[in-house]
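Visitor: My questions will all concern the structure given below.
Nothing in this text is a laboratory measurement; each read-out follows from the coordinates by a stated rule. Given the structure is predicted, the values throughout are model-derived calculations rather than measurements. Using ideal geometry, Cβ is built from the backbone for each residue, glycine included, and neighbour counts are taken over all protein chains shown.
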């Protein structure tokens, strides 16, 4: 691994988070979010991802667990 590389472990609850129209968050949206915010420290990247999930879900109950581990090479 190289400096600034990210290793992200996540549960399917992230990509399967549903909005109020029954649309899943999906892997592509998750990937785009990671690429957009990869420059952030791991704690801030985690907060960004969880914030986007909450905004996307718009109060829709979470149907699965969410696990997220972010490791960034220094």
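Visitor: Quickly run through segment 28-74 and pick out the residues that are in a loop (DSSP other than H, G, I, E, B) and farther than 22 Å from residue 18 by Cα.
Guide: Hits for segment 28-74 are 38, 39, 40, 41, 73, 74.
Visitor: Something else about it: Limited to segment 18-35, what total is found for residues that are in contact (Cβ under 8 Å) with a residue 40 or more places away in the chain and out of contact with any strand residue (DSSP E or B) (no Cβ under 7 Å at 6 or more places or on another chain)?
Guide: Count: 2.
Visitor: Somewhere in segment 8-15, is a residue assigned to a loop (DSSP other than H, G, I, E, B) and without any contact (Cβ under 8 Å) to a residue 60 or more places away in the chain?
Guide: Yes, there is a match, as at least one residue in segment 8-15 is assigned to a loop (DSSP other than H, G, I, E, B) and without any contact (Cβ under 8 Å) to a residue 60 or more places away in the chain.
Visitor: Right, here's the next one. Being farther than 27 Å from residue 5 by Cα, loosely packed, with under 15 Cβ neighbours inside 10 Å and out of contact with any helix residue (DSSP H, G or I) (no Cβ under 8 Å at 6 or more places or on another chain) narrows it down to one of 61, 41, so name that one.
Guide: 61 is the lone residue from the list that is farther than 27 Å from residue 5 by Cα, loosely packed, with under 15 Cβ neighbours inside 10 Å and out of contact with any helix residue (DSSP H, G or I) (no Cβ under 8 Å at 6 or more places or on another chain).
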